[in-house]
Amino acid sequence: MEIVVRPDRQAVCDLAARLIAARLRARPALVLGLATGRTMSDIYARLVAMHRTGGLDFASAASFNLDEYIGLAPEDPRSYRAYMQAELFDHVNIDPVRTHLPSGLAADTTAEGAAYEAAIVAAGGIDLQLLGIGENGHIGFNEPGSSLASRTRDKTLSRHTRAQNAEMFGGDPAAVPARAMTMGVGTILAARELILVATGAAKAEALARAVEGPLTAMVTASAIQLHPLCLVIADEAAAGRLTQRDYYDSVFETEPQWADYR
């Protein structure tokens, strides 16, 4: 695991987008694992700009999103499918057939989870998984206590998570669906590469627990410590509680692979 600290949110998003673009250029048939949220919107805006002005090509790529709310149809403007269409898919040349999200309307959530896992396998596995982190340390919708070996399934959302996500629901946490389909922690760890982004002081405690604390199901993001190729990109505010900051900065300043990104 490497941890790179950038001055602010914009620098975090710039670096993440450049890395994703580099992977896509090197492997046009890249299978992307995608996430949602305010920081992700900024990353996607940069990828859209690269597509429009720099020819970044999504024609052979595929994508699998982390999660979707149970009870929301794809066309519901609050759904993650609608978010992805508005923020990325409608603005690049990705084939709609190769953009995947779990169904929020599946009658049998166990079968839906198994089908989603099978679709990932059929696509050859996820090459690069983009992640955020919740204030309680979750990745995807894997709330505290989720098995670190879990696979795609339905999950009850915590009150804290629903409050965090209330903006798209008129600011009312009670209006946020109580359950979601989510990739499991084990599904996430099966990706060949992980990039986790964290911005803002509200994420500082969760990030420190995830990358410097013990491996625990109470902080599901701590499972990234097990991954052989994981990059964490944080802004100064989110990195505020990290204790090994001097070492992280030294790696970024001296390792040859970062020469073009400094």
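No lab work stands behind these numbers, since they all come straight from the coordinates. All values reported here derive from a predicted model rather than from experimental measurement. Ideal geometry is used to build each Cβ from the backbone, glycine not excepted, and the neighbour counts take in all protein chains shown.
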**Prompt:** Can you give the FRET efficiency for Q244 and A21, using 1/(1 + (r/R0)^6), R0 = 35 Å, r = Cβ-Cβ distance, to the nearest 0.05?
**Reply:** 0.75
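When the dipole is taken about the Cα centre of the chain, and only Lys, Arg (+1) and Asp, Glu (-1) are charged at their Cβ, what size is it in debye, to the nearest 20? Walk me through the numbers on the way to the answer.
Details: 24 positive and 31 negative charges, 28 e Å.
For the chain, the charge dipole is close to 140 debye.
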**Request:** Could you check what % of the DSSP bridge pairs in the chain are antiparallel, to the nearest 5?
**Result:** 30
**Request:** Give the residue from Q85, Y247, L15 lying farthest towards the positive end of the charge dipole for the chain; charges sit on Cβ (+1 for Lys and Arg, -1 for Asp and Glu) and the dipole is referred to the Cα centre.
**Result:** Q85
**Message:** What does the extension gain come out to for D172 and T216, with contour length at 0.36 nm per residue minus their alpha carbon separation?
**Reply:** 12.8 nm
**Asked** Using a simple spin-label model with points 7 Å from Cα along the Cα→Cβ vector, what separation in nm is obtained for T254 and S147?
**Response** 4.2
**Prompt:** Which whole-number value in Å³ per residue fits the convex hull of the alpha carbons of the chain?
**Reply:** 117
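Relative to the present Cα-Cα distance, how much length would full extension add between S60 and L105 at 0.36 nm per residue of separation? Before the final figure, lay out the partial values.
Working: separation 45, 0.36 × 45 = 16.20 nm, distance 2.80 nm.
This chain segment gains 13.4 nm when fully extended.
Which helices, taking whole DSSP H runs in the chain, have alpha carbons extending 20 angstrom or more along the helix axis plus mean Kyte-Doolittle at least -0.5?
On the way: long enough: 9-26 (26 Å, 0.47); 38-54 (23 Å, -0.25).
Once both thresholds are applied, what remains is 9-26, 38-54.
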**Complete:** Residue-normalised 222 nm signal for the chain, counting each DSSP H run of n ≥ 4 as -39,500 (n - 2.57), nearest 500 deg cm²/dmol, is -10000 deg cm²/dmol
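Quick check on segment 104-249: what are the equivalent-ellipsoid semi-axes from the Cα gyration tensor, as sqrt(5λ), descending, whole Å?
On the way: eigenvalues 129, 85, 30 Å².
One finds semi-axes of 25, 21, 12 Å for segment 104-249.
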